[in-house]
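Student: So that we are looking at the same thing, I have put the structure below in structure tokens.
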């Protein structure tokens with residue numbers, strides 16, 4: 001979005017209060033959504049709950065293509081369509097809802113840096129596992145991603161997506177990495193960032209979205225979840241946010257990818 | 001005797017270029033100056049002994065056998081000339097010869113009969129590969145179009161065409177293979193593969209289609225039939241960020257596999273400015289039966305009748321209608337629905353700007369009808385009569401139509417009622433210019449009436465071009 005358009009959007013946004021019928025769009029929960037999209041969607045939902053803004057979740061098979069940036073989730077608020085956590089945070093701020101107002105400049109800069117880190121590390125690692133690990137890609141990602149489409153479009157779209165992600169991975173130098181290396185990167189990140197969460201901010205929403213999704217999603221390898229589970233501070237962080245904002249029921253509905261046995265361990 | 005007469009006919013002109021291939025041309029009686037001799041020749045029995053074709057390269061002879069076999073049936077000289085001329089036109093129609101010349105001579109050799117004739121077709125084949133290059137500007141986009149054609153690829157009038165368009169915004173291409181049945185050129189098979197991108201600003205919609213189709217054309221009595229299967233992968237997207245949410249909801253990929261059948265009867269004497277005759281075209285399409293995501297049944301028809309009145313003026317009436325019936329409980333897609341309005345359909349309204357809309361984006365409808373009544377007259381005072389002026393007509397028109405969505409549970413009476421309420425109509429006058437025999441340009445002064453809220457109108461002067469018009 002150009003600067004002028006962004007300014008215009010935020011001005012428009014400020015004029016209207018948050019409506020009751022705001023809707024968040026994501027891919028189909030049962031059959032389609034993938035780990036990374038699920039994590040991003042949960043992060044946005046957590047953030048909006050932290051702000052106390054009501055939002056309905058709608059599942060659409062074409063959510064990815066409906067989104068103006070091509071990424072899920074996106075929210076439809078009044079006449080506005082805003083996608084991804086960063087712009088949504090900006091958007092709510094323009095409407096007068098912000099979680100990071102209490103932070104000073106240094107803390108805010110640090111928070112932004114950590115959010116970038118999460119996106120660069122956790123999200124990239126999730127994408128790597130989904131599309132670059134052959135077992136996961138062929139058993140989970142491709143069949144789920146293409147489930148709404150009929151033959152032969154399902155194969156075309158799934159391979160097109162995989163090729164696109166792999167090209168991106170090669171461009172940032174992740175192409176040659178092994179699954180184990182990726183897991184190590186993630187857990188290294190997890191330890192370093194674990195001390196940051198004193199008060200709820202968008203960073204907490206983002207980290208919670210990713211960690212919770214990783215912990216509760218069945219993948220071909222459980223190595224990643226095991227690594228995160230070995231950090232008790234991360235587990236208690238996840239449990240705390242879940243209890244404060246989701247009161248058990250919503251999440252078990254919104255995340256169908258559960259391994260139920262994991263819940264008590266949280 | 002025969003040889004003497006025949007010799008005098010030796011330089012008989014059947015020169016290709018002079019005669020042309022226009023089917024409107026009447027076959028002229030050859031050689032009026034030989035009238036005195038024709039009396040004798042017309043009644044004189046002749047036998048066509050040999051028909052030779054010279055100049056063949058890659059063309060297979062069995063294909064031409066069907067086209068020239070009629071010549072053998074000729075019983076007298078005039079007949080020979082007429083049949084040879086027809087055969088020549090049939091050969092040129094195949095599109096594989098640049099030029100065909102006919103020579104008629106007395107038979108020579110051991111088995112020559114005294115009244116035997118030899119007919120020789122001297123043909124020049126078209127090149128193996130022809131190319132074209134165009135630049136096009138329009139729709140806020142410039143593009144470069146490269147075309148390649150391989151006529152007569154396997155020697156039996158097959159044609160392979162490739163077109164590639166490279167634009168500042170979009171790239172499109174199409175590959176098409178055409179194969180006629182030998183001896184029945186009108187019965188043919190076409191295979192297509194393509195990628196095309198279209199931008200529809202009236203709906204804020206962008207569509208990219210990648211697909212293939214197979215098409216069978218054949219005449220049956222006076223009707224022409226087309227059977228077609230098409231498999232197309234469609235990608236819809238918003239043209240701008242400001243597109244309405246109703247259009248945004250339609251974004252994404254879908255696969256359409258459709259069988260369609262078109263039947264048409266056309267007795268008009270011209271496709272653009274007919275002065276008599278009628279056209280009826282009925283098209284039906286069934287999607288989803290052969291796979292894919294889209295499933296619907298679509299019917300539409302087009303009827304046009306023309307009648308010549310006084311002073312070369314023509315009264316023309318047309319009626320269009322169509323209905324889309326979604327199958328399998330899923331709603332219809334924005335790309336399949338009908339659109340109405342614009343300078344060549346219901347004049348006086350904006351391009352496809354009638355009917356259901358959301359935030360200024362027109363969503364199309366599942367049923368429509370439109371009718372038009374035109375009075376075409378030559379230009380006032382007929383400047384350029386018999387030449388340039390004949391490319392123009394003035395016309396007075398009355399158009400009407402409606403586009404809406406039907407509630408299919410309600411029954412036919414409710415449907416008719418729905419289609420009969422909120423009718424948009426318009427009247428006006430203007431000038432029409434014929435472009436070749438396929439398209440026309442119109443400059444009209446229109447007065448739109450029956451405008452409903454949400455319709456975009458064009459009150460006053462409206463300019464438009466089109467190949468299909470009401």
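The values are calculated or read from the model by the stated rules, or taken from the named source; none is laboratory data. Only a predicted model underlies this, so the values are computations on that prediction, with no experimental measurement involved. Reconstructed Cβ throughout: ideal geometry from the backbone, glycine too, with neighbour counts over all protein chains shown.
Student: Suppose we filter B:203, B:132 for residues that are touching a helix residue (DSSP H, G or I) at 6+ places or on another chain (Cβ under 8 Å) and more than 30 Å from residue B:47 (Cβ to Cβ); which single one remains?
Tutor: Testing whether each residue is touching a helix residue (DSSP H, G or I) at 6+ places or on another chain (Cβ under 8 Å) and more than 30 Å from residue B:47 (Cβ to Cβ) leaves just B:203.
Student: Across region B:211-250, what is the number of residues that are in a loop (DSSP other than H, G, I, E, B) and out of contact with any strand residue (DSSP E or B) (no Cβ under 7 Å at 6 or more places or on another chain)?
Tutor: Within region B:211-250, residues that are in a loop (DSSP other than H, G, I, E, B) and out of contact with any strand residue (DSSP E or B) (no Cβ under 7 Å at 6 or more places or on another chain) number 5.
Student: Next question, about the same structure. Looking at (1) under 24 Å from the mean Cα position of the chain (by Cα); (2) without any contact (Cβ under 8 Å) to a residue 24 or more places away in the chain; (3) within 29 Å of residue B:322 (Cα to Cα), which is the only condition residue B:409 fails?
Tutor: Among (1) under 24 Å from the mean Cα position of the chain (by Cα); (2) without any contact (Cβ under 8 Å) to a residue 24 or more places away in the chain; (3) within 29 Å of residue B:322 (Cα to Cα), residue B:409 violates only (1).
Student: Inspect region A:188-197 for any residue being assigned to a helix (DSSP H, G or I) and at pLDDT 80 or above and give the result as yes or no.
Tutor: No, because not a single residue in region A:188-197 is assigned to a helix (DSSP H, G or I) and at pLDDT 80 or above.
Student: I've got another one for you. Among what's in region B:246-266 and is in contact (Cβ under 8 Å) with a residue 12 or more places away in the chain and touching a helix residue (DSSP H, G or I) at 6+ places or on another chain (Cβ under 9 Å), pick the residue that is farthest from the other protein chains (Cβ to nearest Cβ).
Tutor: Initial filter on region B:246-266 (in contact (Cβ under 8 Å) with a residue 12 or more places away in the chain): B:246-247, B:250-266.
Next, only the ones that are touching a helix residue (DSSP H, G or I) at 6+ places or on another chain (Cβ under 9 Å) stay: B:247, B:250-255.
Working: B:247: 10, B:250: 8, B:251: 4, B:252: 3, B:253: 6, B:254: 8, B:255: 4 Å.
By that ranking, first place goes to B:247.
Student: For region B:188-210, name all the residues that are surrounded by 18 or more Cβ atoms within 10 Å (Cβ to Cβ) and outside any strand (DSSP E or B).
Tutor: Correct list: B:202, B:203, B:204.
Student: Which residues, counting only those in region A:159-171, are away from chain B (no Cβ under 11 Å) and more than 20 Å from the chain's Cα centre (by Cα)?
Tutor: A:159, A:163, A:167, A:170, A:171
Student: Okay, next question. In the set B:393, B:382, B:337, which member is over 18 Å from residue B:319 (Cβ atoms), buried (at least 23 other Cβ atoms within 10 Å of the Cβ) and free of Cβ contacts under 8 Å to residues at least 40 places away in the same chain?
Tutor: B:337
Student: On to the next question. If we only count strands (runs of 3 or more DSSP E) wholly inside region B:51-143, which ones have 3 or more residues that are over 26 Å from the mean Cα position of the chain (by Cα) and touching a residue at least 24 places away in the same chain (Cβ under 8 Å)? I'd like the intermediate steps shown before the answer.
Tutor: Values: elements: B:97-106, B:116-125, B:130-138.
Filter on region B:51-143 gives B:97-106, B:116-125.
Student: How do the strands (runs of 3 or more DSSP E) wholly within region A:43-143 filter down when requiring 1 or more residues that are away from chain B (no Cβ under 14 Å): which remain?
Tutor: Counting at least 1 such residues, we get A:56-59.
Student: Restricting to region B:306-360, and then to whatever is within 14 Å of chain A (Cβ to nearest Cβ) and part of a loop (DSSP other than H, G, I, E, B), can you tell me which residue is nearest to the chain's Cα centre (by Cα)?
Tutor: Looking at residues that are within 14 Å of chain A (Cβ to nearest Cβ) and part of a loop (DSSP other than H, G, I, E, B), I get B:335.
Student: If you don't mind, there's one more thing I want to ask. Kindly indicate whether any position in region A:145-158 is buried (at least 16 other Cβ atoms within 10 Å of the Cβ), within 19 Å of the chain's Cα centre (by Cα), at pLDDT 85 or above and closer than 30 Å to residue B:234 by Cβ.
Tutor: Yes, region A:145-158 contains a residue that is buried (at least 16 other Cβ atoms within 10 Å of the Cβ), within 19 Å of the chain's Cα centre (by Cα), at pLDDT 85 or above and closer than 30 Å to residue B:234 by Cβ.
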